[in-house]
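Notes to accompany the following structure.
What follows draws every value from the coordinates through simple rules; no lab data is involved. These numbers were taken from a predicted model, which means no experiment stands behind them. When we count neighbours, we look across all protein chains shown, and the Cβ atoms used for this are built from the backbone with ideal geometry, even at glycine.
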Amino acid sequence: MSRLHFTLEKTAPGSKARAARFRTAHGEVRTPVFMPVGTQATVKNMTVEGLRALDAQVLLANTYHLLLRPGPAVFKKFGGIHRFMNWDRPVLTDSGGFQIFSLPHSRRMTEEGAHFRSYVDGEACFLSPETSIGMQRAIGSDIMMVLDQCIPSTAPQDETEAAMHLTHRWAERSLRARGDSPQALFGIVQGACHRDLRKRSAEFLRALPFDGLAIGGLAVGETHAERYEFTDLATDHLPENLPRYLMGVGTPLDILEAVHRGVDMFDCIIPSQLAQRGTAFTSHGKIHCRRAVYKFSEEPLDARCDCHTCRTHPRAYIHHLIKSDETLGWQLLAHHNIAFYQRLMAEIRAAIFDGTFAAYHARQRLELSRDDEANPPVHPAPAKIRRAPRLGDYEIQTSPQGFSSIRQLSSGEVMHSVSAPADEAERLYVAQSRLGERLRRRDETDTEPLVVWDVGLGAASNAMGALQRAEAELAAAGAAGTRPLQIVSFERDLDPLELAARHASHFPHLRHPAPHALLRDGLWRRADGQIEWRLLRGDFLELFADAPAPDLVFYDPFSSKTDTALWQADVFARLHRHFRPRPATLYTYSAGTGVRAALLHAGFYVGEGVGTGPKATTTIAYGTRPDAQDAARLLGAEWLARWRRSGSKFPAGLASALRIEFERSIEEHPQFAATLGGEVNPG
């Protein structure tokens with residue numbers, strides 16, 4: 001029997017939308033319900049008093065982050081999270097699976113669990129189904145989540161099926177670890193965008209004694225249409241007598257569509273995250289408070305809203321706060337946005353009970369898609385045509401998830417099209433390269449600067465990620481315990497950074513003096529001399545020979561279609577020869593067969609990097625044979641077999657006369673000779 005005593009109260013005619021209620025140790029929950037995200041035992045820019053006033057029924061906290069800081073001992077001392085944060089209503093804790101997927105620090109997945117490095121202190125950590133449940137029991141949440149292996153929703157069938165089966169085995173272990181605890185436990189349906197796997201996962205988990213079931217692995221790369229399709233598919237195979245939770249979703253429109261498809265519970269950081277970017281959700285659609293049209297506006301954010309923000313402050317004041325980067329603006333918008341979400345859920349629930357949800361859904365799906373940039377206010381400046389900010393060949397593009405990126409107009413390529421720029425920089429370059437660990441001094445003689453090449457400066461997200469990690473290490477260990485960092489950025493066209501810097505409210509990583517000094521002087525140096533960031537402006541192929549020899553290379557130019565010259569086999573060969581006296585490791589977003597083959601031909605040892613955005617994997621190229629920790633990443637016999645069959649086995653532009661020698665260099669590469677002895681991961 002479910003620990004939540006779930007009661008289905010009403011199903012809407014002409015829809016799968018449903019209203020229900022369930023009980024926890026800290027109160028009753030009425031669904032559909034939105035759970036504000038309090039990752040670190042706090043909802044950003046909100047107090048618990050403010051959340052109670054808005055009738056937030058459940059808060060979500062994250063096991064991964066709370067395990068690292070403050071740790072289980074603190075929760076045990078306080079008797080759980082409720083007394084710790086002074087919250088007397090239900091709490092749901094995520095297991096940490098998605099955070100290990102999205103913020104890996106030397107992540108390595110095994111049958112036993114996930115090995116990773118703490119972003120707090122760089123220490124090696126291990127999270128298994130048992131330790132995740134143990135931590136959630138210490139936190140004392142009302143609802144716990146099983147540990148799952150989250151992968152991109154666009155992952156191929158074989159990879160997805162393997163992750164699904166691992167998630168199922170971990171689900172069974174999580175149930176055993178829960179034991180006789182009164183806390184509820186939810187399983188997580190996985191299967192990416194594969195219909196047969198989603199169905200099998202739901203059918204497997206519904207046979208186990210869970211108190212609810214969640215839909216995981218969405219909002220990580222798929223289209224909106226795919227998200228709706230696979231949500232609909234999953235709920236078709238979930239039991240009616242348990243709550244259904246769609247994890248990490250989403251916008252008000254996403255929530256409306258998911259309720260229509262039979263989902264009960266939601267969480268997302270969007271209300272508070274967009275508040276920090278000056279965006280408000282209103283009954284007139286989404287509005288961007290930084291826009292000059294609101295400078296003199298005496299209207300409230302939303303005339304239909306009676307929250308504290310709308311009762312007490314006009315749009316002009318909020319516009320001023322956001323333009324001034326004042327934290328009060330973020331607080332006022334966070335309060336309003338969460339109030340909007342709570343009112344939306346109440347309206348949905350009422351429409352389900354009234355039998356009018358189908359009409360409400362048809363009407364609201366249009367209202368919730370409104371945006372003041374696409375649908376201007378009633379009194380816009382008559383001579384001013386609004387468009388995305390542009391400079392030269394670039395414009396700012398804002399995603400449905402609320403983050404902004406730079407788009408090149410001529411090619412249509414977007415820098416970081418799926419993940420926020422700072423998040424992708426952290427995941428792909430900073431965390432994966434173990435930059436924080438490399439910056440720590442091993443002994444008194446270890447004083448040489450760590451040199452990072454940033455190839456393709458763009459809007460500086462990668463360089464700023466490295467710089468901010470170095471500043472965090474300095475704050476923790478001081479100059480005596482930290483090596484200096486030298487960043488060398490290569491770029492021909494500074495318009496992307498200039499454009500982003502002019503609109504830094506769209507790009508939080510640029511709220512720092514360094515990128516502005518770099519644009520002005522070509523150099524920024526921290527006052528204590530521990531960090532230096534230098535710009536080499538021009539053609540990378542002409543400049544790199546005179547740059548300081550790197551330890552790490554963040555290789556992030558536009559794709560081979562747009563920036564062909566930087567992806568040629570002879571370029572990688574030149575780099576390998578240049579690195580030979582001091583072997584460097586190169587990280588790049590590309591996972592193309594031709595690119596990997598070109599790196600192997602050049603003499604690099606090539607491995608599989610973490611997935612990011614729409615890519616299931618990326619690429620790491622080592623200047624010399626890597627140590628045992630990294631050797632497991634190397635491409636092996638299976639990749640070699642796929643390469644032999646590939647129709648794109650050669651890099652672009654390779655002359656036909658050179659292909660036989662090129663093939664021989666791959667076949668005879670010592671990396672693959674090692675696989676015959678079983679020393680290298682076969683993948």
Q) Given labels modelled 7 Å from the Cα in the Cβ direction, how far is it in nm from residue 393 to residue 40? A) 4.0 nm
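To the nearest 20 debye, what is the magnitude of the charge dipole of region 7-268 about its Cα centre, counting +1 on the Cβ of each Lys and Arg and -1 on the Cβ of each Asp and Glu?
On the way: 29 positive and 31 negative charges, 127 e Å.
Roughly 600 debye for region 7-268.
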**Q.** Amide H contacts under 5 Å for residue 282, placed H, 5+ residues apart
**A.** 287
Q. Distance from the Cα centre of region 26-63 to that of region 237-276, in angstrom?
A. 14 Å
Q: Looking at the chain, send over the antiparallel percent of its DSSP beta bridges, to the nearest 5.
A: 50 percent
Q: Positive end of the charge dipole of the chain (Lys, Arg +1 and Asp, Glu -1 on Cβ, about the Cα centre): tell me which of 656, 273, 519 has its Cα farthest that way.
A: 273
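What FRET efficiency comes out for the pair residue 11/residue 169, r = Cβ-Cβ distance, R0 = 30 Å, nearest 0.05? Write down the numbers at each step before the final one.
Values: r = 34 Å, r/R0 = 1.13.
Result of the calculation: an efficiency of 0.30.
Just to verify a number: FRET efficiency for residue 629 and residue 207, C-beta to C-beta distance, R0 = 35 Å, to 0.05?
Efficiency computed from Cβ-Cβ geometry: 0.35.
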Q) Hey, in the chain, which Cys have no second cysteine's beta-carbon closer than 4.7 Å? A) 125, 150, 193, 268, 289, 307
Q. Between residue 414 and residue 661, what is the spin-label point distance in nm, taking each point 7 Å from the Cα along the Cα→C-beta axis?
A. 4.3 nm
Q) Mind checking which lysines have their C-alpha under 30 Å from residue 295, skipping anything on the same chain fewer than 8 residues away? A) 44, 286, 323, 384
Q. Excluding same-chain residues fewer than 8 positions from residue 199, which lysines have a Cα within less than 21 Å of its Cα?
A. 16
Q. If you plug each phi of region 34-47 into the Karplus form 6.51 cos²θ - 1.76 cosθ + 1.60 with θ = phi - 60°, what whole-Hz ³J(HN,Hα) values come out, in order, with x for Gly and Pro?
A. 9, 10, x, 8, x, 3, 9, 6, 7, 8, 4, 6, 10, 9
Q. Residue by residue, what Karplus-based ³J(HN,Hα) values in Hz, rounded to whole numbers, does region 650-663 have, using 6.51, -1.76 and 1.60 with θ = phi - 60° and x for Gly and Pro?
A. 10, x, 4, x, 6, 5, 4, 5, 9, 6, 5, 5, 4, 4
Q) When you count, for each residue, the other Cβ atoms within 10 Å and take the mean per peptide, how do 176-185, 238-247 rank with the highest first? A) 238-247, 176-185
Q: List the lysines whose Cα lies under 23 Å from the Cα of residue 649, skipping any in the same chain that are fewer than 8 positions away.
A: 561, 615
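Starting from the Cα gyration tensor of region 7-268, multiply each eigenvalue by 5, take the square root, and state the resulting semi-axes largest first in whole Å.
Details: eigenvalues 132, 111, 56 Å².
Listed largest to smallest, the semi-axes of region 7-268 are 26, 24, 17 Å.
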Q.
Take residue 652 and residue 437, extend 7 Å from each Cα along the Cα→Cβ direction, and tell me the distance between the two endpoints in nm.
A. 3.5 nm
Q: Rank 456, 166, 351 by how far each Cα sits towards the positive end of the charge dipole of the chain (+1 on Lys, Arg Cβ; -1 on Asp, Glu Cβ) and give me just the farthest.
A: 351
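Rounded if a/c is under 1.5, else prolate if a/b is larger than b/c, else oblate: which is region 478-577, with a ≥ b ≥ c the root eigenvalues of its Cα gyration tensor? The partial results should precede the final answer.
Details: a/c = 2.21, a/b = 1.25, b/c = 1.77.
The shape class here is oblate.
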(Q) From the helices alone, meaning DSSP H stretches of at least four residues, give me the mean residue ellipticity at 222 nm for the chain, per-run term -39500 (n - 2.57), in deg cm²/dmol to the nearest 500. (A) -10500 deg cm²/dmol
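Where the only charges are on Cβ atoms (+1 Lys, Arg; -1 Asp, Glu), what is the dipole of the chain about its Cα centre, to the nearest 20 debye?
Working: 80 positive and 80 negative charges, 186 e Å.
For the chain, the charge dipole is close to 900 debye.
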(Q) Check which residues have an amide H placed less than 5 Å from residue 440's amide H, if you skip close sequence neighbours. (A) 483
Q. Which three extents, in whole angstrom, do the alpha-carbon atoms of region 218-260 cover along their principal axes, largest first?
A. 29, 18, 16
Q. For region 419-632, max minus min Cα coordinate along each principal axis, in Å, sorted largest first?
A. 43, 42, 33
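Extension gain residue 86-residue 229, at 0.36 nm per residue separation less the Cα-Cα distance, in nm? Spell out each step's value before the answer.
Values: separation 143, 0.36 × 143 = 51.48 nm, distance 3.96 nm.
Extending this stretch completely gives an extra 47.5 nm.
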Q. Which residues in region 311-328 have a backbone N closer than 20 Å to a point placed 7 Å from the Cα of residue 520 along the Cα-to-Cβ line?
A. 324-325
Q: Quick one: give the max-minus-min coordinate of the C-alpha atoms of region 59-173 along each principal axis, largest first, in Å.
A: 45, 29, 23
Q | Given charges at beta-carbon only (K, R positive; D, E negative), |dipole| of region 496-587 in Debye | A | 140 debye
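By the gyration tensor of its Cα atoms, with a ≥ b ≥ c the square roots of the eigenvalues, what is the shape of region 278-354: rounded for a/c under 1.5, prolate for a/b over b/c, or oblate?
Numbers: a/c = 2.48, a/b = 2.13, b/c = 1.17.
Prolate shape, in that a/c is at least 1.5 and a/b is the bigger ratio.
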Q) What ³J(HN,Hα) values, in whole Hz, does the Karplus curve 6.51 cos²θ - 1.76 cosθ + 1.60 give for region 307-312 when θ = phi - 60°, with x put for Gly and Pro? A) 5, 4, 4, 6, 6, 10
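Just check region 248-396 against the gyration tensor rule for me: Cα atoms, a ≥ b ≥ c as the square roots of the eigenvalues, rounded for a/c under 1.5, and otherwise prolate or oblate depending on whether a/b exceeds b/c.
Details: a/c = 1.80, a/b = 1.57, b/c = 1.15.
It comes out prolate by the Cα gyration axes.
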